[in-house]
Amino acid sequence: MTNLLAAAAIDLSGGTWFADCAERIVASLVLGKGGDVSHTSVPGAQLAKRTIGSPPYDRPPKRLRLEPPTQPDGSHVLLVGQLDDPQGLVDRHRLSGCSDEADIYAALYRQMGDDCDRAITGNYAAIMWFPDERKVRLARSPLGLVPLHYWVDGSRVLAASIPRSIFAAGVPAEIDEAKLGDILLLNMRDQQRSWYRGIRRVAHGTQATIDRSGTRVSRFWSVADVEPVRFARDEDYVEAVEEQFRAATRVALAGVRKPAVMLSGGLDSQAVAAYAMEGMGPELALRSYTTVPQPGWAAQREAGFFGDEAPYVQALAKQYPQLEPQFVTGSDASLLDGIEDVALMCGSPPHNQFAMHWYHAICALAASDGCDVLLAGDLGNPGFTYDGLTGYPTWLRQGHLARLLRELGAREAPFGLARKLLRWAVRPNLPHSWRVALGHGWLDKPFATWCPMREGSQVAREAIQRAQDSGYDPYHLPFASSREWRAHVIDVAACEAPELDLAETLLHGVPKRDPTAYRPLVELCIGIPDAQYLRDGTDRWLARRLLAGKVPDMVVSERRKAVQTADWPLRFARERMEMVDDLEALGRDERLADVFDFERMIAALHDWDVGAVVDGTDAAWIPVLVGRGLQTARFLRHVEQRNAG
């Protein structure tokens, strides 16, 4: 059975320092919705895990004694998440004596050592304890949808899915000021930094080995290392992606009784729904949940965007009668709901608070409808729906001038070829400082718009310095290559989203699976050249060819972008004074006021003319500024047990 959570307390010297806190560690896994918790003592360690799913007959989860899961080499393995096609791994590698996925992982490690993670596809995190070698080995799968944290103090080691298990052992919950500053600046370059001092994260696609000589971290997967893919014909690329998408869907549906899908009007989730229904067959229904604006919202004013995705979902339901769509407004939910609930479950703040009302609502509906998996298409953009726009600077660097000029000429724009060349091909290749200088008049300055930190504070100064040292761009200028852009998007997705998804699973009991995060599919798409994504002025050319006839024509041909939470002005107008009161109360706490620019957030809410904003394009920084400021400040208050106001 798939594990939802795991925790291990280990003494590298073979002692039992953890004996006094073992019960608290086990208890830390019981909070929230999930299966039973199993635990055991082995030489030098206390191990515990919690299965996914609800106990039968809605009884409370039990705490069960587990037989020590000893491997033939004497190691003990906890595996969270899932391996793709476990029986295929057994057959291909001629494994024997494997009763579950932890056994398969352990057997592959015995056969291949650290190379085992390169041979495995899946969404998992592994904790291995080798008592004879006094060694701990941790690993996290490449696309990083399962979190894993660890703490080391001399011979004492703690590893766990959530920080709560580490706190249960007596480690203090102290906020890491560097993490705070980085997140408020949206810098997620440091994948190993957690929210808490002394606690590290295992970054996606990495392994950490801990023994008496210290801790060593190595990366076994990166976007940069993916091999290029070249086929003879354009249609070969589409056929290859289709084959992998079908494989991804089989994996996502394995063992599922009643799946549902988070469905929008975009190519990503529409593809997930279409392939899922193809795999399920026409006799089985697929429930879908779509967020739509609440009544009274104003339609999109700015060209290039749209706010209501219901017509696209309705068109898909007309094409596939087995689709059962539900539309969610979340109109009765507050923008401030759930911050402390998420923090309690996973030890992190929500990543995007002003969109959380519909995420909570969808997960709750899926649970009430009896769904056991919620499908999503979160990693489509760096994969099969990549827009190809980094082709312009890439073709310039490579000297493919004929292709570059042809594609620039084919792309519609309100300006001429020379400006297209400068803006889309030349500028992304310039040094960052030059690009910032060129954009001085139109770039959003973080501390004047979306960043809630107080400019000039020590936290902000140090965050800016780390951004410069790591090459992070707070202006979010276009990237010069598809590899750089994809690596950035995957890093962002693997940094904070895994904890948020885990929190939603614990709150509502329905796990999320993402076929677009299937590693062979993502690697194939990374290796495909830009010319397959951008052709004759058509962006996302690969996805549009793949989905022609599979999803409605209005979805395939749509060139505008959907605006998430397009009704935010209505929500902010309704809750403006409540948010002002909350910000004023938080601002009376000197510790919080030193970090957050509450005055600027309050002024933005007071000065904002509701009638001047249609659906968030001309003042979109307001919900980011206020939403991120409120969510993070309240998270700090929750962790530090402060009584602001």
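What ranking of Thr215, Thr51 comes out by heavy-atom accessible area, probe 1.4 Å, highest first?
The residues order as Thr215, Thr51, largest area first.
Roughly what % of DSSP beta bridges within the chain run antiparallel, to the nearest 5?
For the chain, the DSSP antiparallel bridge percentage is about 75.
Nearest 0.05, what FRET efficiency do Arg423 and Arg197 give at R0 = 45 Å with Cβ-Cβ as r?
Calculated transfer efficiency: 0.55.
Efficiency by 1/(1 + (r/R0)^6): what FRET value for Ser155 and Ser218, r their Cβ-Cβ distance, R0 = 22 Å, to the nearest 0.05?
Using R0 = 22 Å, I get an efficiency of 0.50.
Counting heavy atoms of the protein chains only and a 1.4 Å probe, report the per residue accessible area for the chain as a whole number of Å².
About 40 Å² of surface per residue is accessible.
What number, rounded to the nearest 500 deg cm²/dmol, is the helix-based mean residue ellipticity at 222 nm of the chain, given -39500 (n - 2.57) per DSSP H run of at least four residues and division by all its residues?
Calculated from helices alone, the mean residue ellipticity at 222 nm is -11500 deg cm²/dmol.
Where the accessible area of region 363-478 is counted over protein heavy atoms with a 1.4 Å probe, how much of it, in %, is carbon and sulfur?
In region 363-478, the share of accessible area belonging to carbon and sulfur is 56 percent.
Starting from the amide H of Lys512, placed 1.01 Å from N in the peptide plane, find each other amide H under 5 Å away whose residue is 5 or more places distant or on another chain.
Amide H neighbours of Lys512: Leu374.
Could you state the number of Å between the C-alpha centres of region 85-130 and region 483-512?
Using only Cα atoms, the two centres lie 24 Å from each other.
Gain in length, Ser470 to Met577, computed as 0.36 nm per residue apart minus the alpha-carbon separation, to one decimal in nm?
34.6 nm
For region 92-145, just say rounded, prolate or oblate: build the C-alpha gyration tensor, square-root its eigenvalues into a ≥ b ≥ c, call rounded for a/c under 1.5, and beyond that prolate if a/b exceeds b/c, oblate if not.
oblate
Rounded to the nearest percent, how much of the accessible area of region 1-146 (1.4 Å probe, protein heavy atoms only) is carbon and sulfur?
49
Taking a threshold of 28 Å on the Cα-Cα distance, which of the pairs Lys49/Lys512; Lys179/Lys258; Lys33/Lys258; Lys420/Lys550; Lys258/Lys561 fall above it?
Lys179/Lys258; Lys420/Lys550; Lys258/Lys561
What figure, in Å² to the nearest 10, do you get for the accessible area of Ser41 with a 1.4 Å probe and non-protein molecules left out?
70
In what sequence, highest mean first, do 455-463, 368-376 appear when ranked by Cβ atoms within 10 angstrom?
Put in order of decreasing packing, that is 368-376, 455-463.
With each pseudo-label sitting 7 Å past Cα toward Cβ, what's the Phe305-Glu242 distance in nm, one decimal?
Each label point lies 7 Å from its Cα, and together they span 3.6 nm.
Determine the distance separating the Cα centre of region 174-225 from the Cα centre of region 238-264; give it in Å without decimals.
Each part's Cα centre sits 31 Å from the other's.
Compute the Cα gyration tensor for the chain, then decide on rounded, prolate or oblate, letting a ≥ b ≥ c be the square roots of its eigenvalues: rounded whenever a/c is under 1.5, prolate when a/b is larger than b/c in the other cases, and oblate in all that remain.
Here the chain falls in the rounded category.
Ranked from highest to lowest mean number of other Cβ atoms within 10 Å per residue, what is the order of the peptides 492-503, 539-550, 223-234, 416-427?
Packing order, densest peptide first, comes out as 492-503, 539-550, 416-427, 223-234.
The values are calculated or read from the model by the stated rules, or taken from the named source; none is laboratory data. Everything numeric here is computed off the predicted structure, so don't read it as measured data. When we count neighbours, we look across all protein chains shown, and the Cβ atoms used for this are built from the backbone with ideal geometry, even at glycine. The area values use the complete protein model at the heavy-atom level, side chains included, leaving out ligands, DNA and RNA. Shrake-Rupley method; radii C 1.70, N 1.55, O 1.52, S 1.80 Å.
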